[in-house]
Amino acid sequence: MSEADDRMGSIRWAFRCGSWTPARADWLLAARCVQPEEKDRIGKFVFAKDAKSAMAGRLLLRRFVCERMNIPWAHIRLKRSPRGKPYLAAPLQVSPDSGAEPQTWSFNISHQGDYAVLAAEKGVQVGVDIMKTVMPGSNTVPEFFRVMTRQFTPYEWRVIKSADSEQHQLAMFYRHWALKESFLKAIGTGLGFNLQRLEFHLSSEALTQARVLCQTRMHLDEEAEESWLFQESLLDADHHVAVALGHSTNPPSSLPPPTAFTLLTFPDLIASASPLTEEDPAYWESFQTKAEAPVRQR
């Protein structure tokens with residue numbers, strides 16, 4: 001991340017957990033550097049892929065809070081709101097669902113497919129979602145779309161199905177899905193929100209890995225929402241990321257130019273870390289068992 005991006009208050013980090021094959025020392029160190037309850041939660045995942053994604057997400061959060069909010073690693077206390085949104089409980093003691101004024105930084109994480117990502121912004125609500133374009137497991141694409149009919153508006157379905165191949169239709173499907181999820185994560189809303197209340201009108205420009213698009217607009221309850229800005233980008237050909245930014249003190253048009261995601265390494269994740277607990281050799285044995293389990297279709 002460049003110093004200029006940091007001064008502007010816009011952080012975008014990504015970690016490729018899908019290709020991460022941690023050595024014993026790395027996995028045990030990672031486990032020591034997250035809160036004990038998070039270590040236990042990660043340890044309960046059945047598949048190594050999910051455990052790695054969750055671990056990467058927690059390390060991204062702690063690195064951000066330590067390096068950008070200037071809170072010592074050992075003093076960071078992260079919690080989840082009742083709707084699952086992470087927040088800094090200590091020393092700030094403010095939940096995103098409490099109705100209190102937002103802190104200077106807003107941050108959010110997402111992990112799916114081969115990546116974990118973090119987006120953070122100063123003075124603006126932020127939500128991020130990443131989706132990998134994958135073929136449905138047991139259904140055909142038309143059957144998959146039929147099952148998901150109620151998640152999109154008729155207009156959005158026309159846009160999705162207008163793509164020239166099933167692969168491109170799936171890419172459009174997951175692009176819309178990531179946009180909706182980014183908004184819901186920004187406002188801290190979980191299950192129960194009617195997704196048909198949201199309708200996205202995409203940028204006419206094609207998504208590429210070379211730039212971040214921010215022309216897509218959202219309609220909420222059939223009314224254009226001018227106070228929300230959406231940034232879209234590709235981490236690679238199969239992974240689409242959407243960042244929702246809204247309810248700032250200034251209009252979205254006054255925000256700095258969009259920031260591309262910076263790909264971090266494992267040494268980057270733990271560069272500022274300090275262990276919180278003693279080493280637990282059994283944690284590695286458990287992880288090895290997960291890594292040897294049959295690979296799940298995603």
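Here are a few things to note about the model shown:
- Subset tally (residues that are open to solvent by less than 20 Å² (accessible area, probe 1.4 Å) and within 16 Å of the chain's Cα centre (by Cα)) for the range 31-53: 2
- Selection count where residues are open to solvent by 20 Å² or more (accessible area, probe 1.4 Å), on the phi < 0 side of the Ramachandran plot and not aliphatic (A, V, I, L, M), scope the range 115-132: 3
- Tally, over the range 17-30, of residues that are within 21 Å of the chain's Cα centre (by Cα) and either open to solvent by less than 10 Å² (accessible area, probe 1.4 Å) or among the aliphatic types (A, V, I, L, M) (or both): 2
- Restricting the range 198-219 to residues that are exposed (fewer than 13 other Cβ atoms within 10 Å of the Cβ) and either without any contact (Cβ under 8 Å) to a residue 12 or more places away in the chain or under 17 Å from Asp129 (Cβ atoms) (or both), the residue that is nearest to the chain's Cα centre (by Cα): Ala210
- Checked across the range 97-111, the condition of being closer than 24 Å to Ala206 by Cβ and not small (Gly, Ala, Ser) holds for no residue.
- Failed criterion for Pro86 (all others in (1) over 15 Å from Val65 (Cα atoms); (2) at pLDDT below 95 hold): (1)
- Note on the range 164-196: residues that are open to solvent by less than 60 Å² (accessible area, probe 1.4 Å), within 25 Å of Leu229 (Cβ to Cβ) and either of a type in the set (Phe, Trp, Tyr) or in contact with a helix residue (DSSP H, G or I) (Cβ under 7 Å, 6 or more places away or on another chain) (or both) amount to 9.
- From the options Arg217, Arg211, Arg158, Arg175, residue that is farther than 25 Å from Cys17 by Cβ and touching a Ser or Thr at 6+ places or on another chain (Cβ under 9 Å): Arg217
The values are calculated or read from the model by the stated rules, or taken from the named source; none is laboratory data. Since the structure is predicted, the reported quantities are computational estimates derived from the model, not experimental observations. Every residue, glycine as well, gets a Cβ built from its backbone with ideal geometry; the counts of neighbours run over all protein chains shown. Heavy atoms of the whole protein, side chains included, go into the accessibility calculation; ligands, DNA and RNA do not. Shrake-Rupley method; radii C 1.70, N 1.55, O 1.52, S 1.80 Å.
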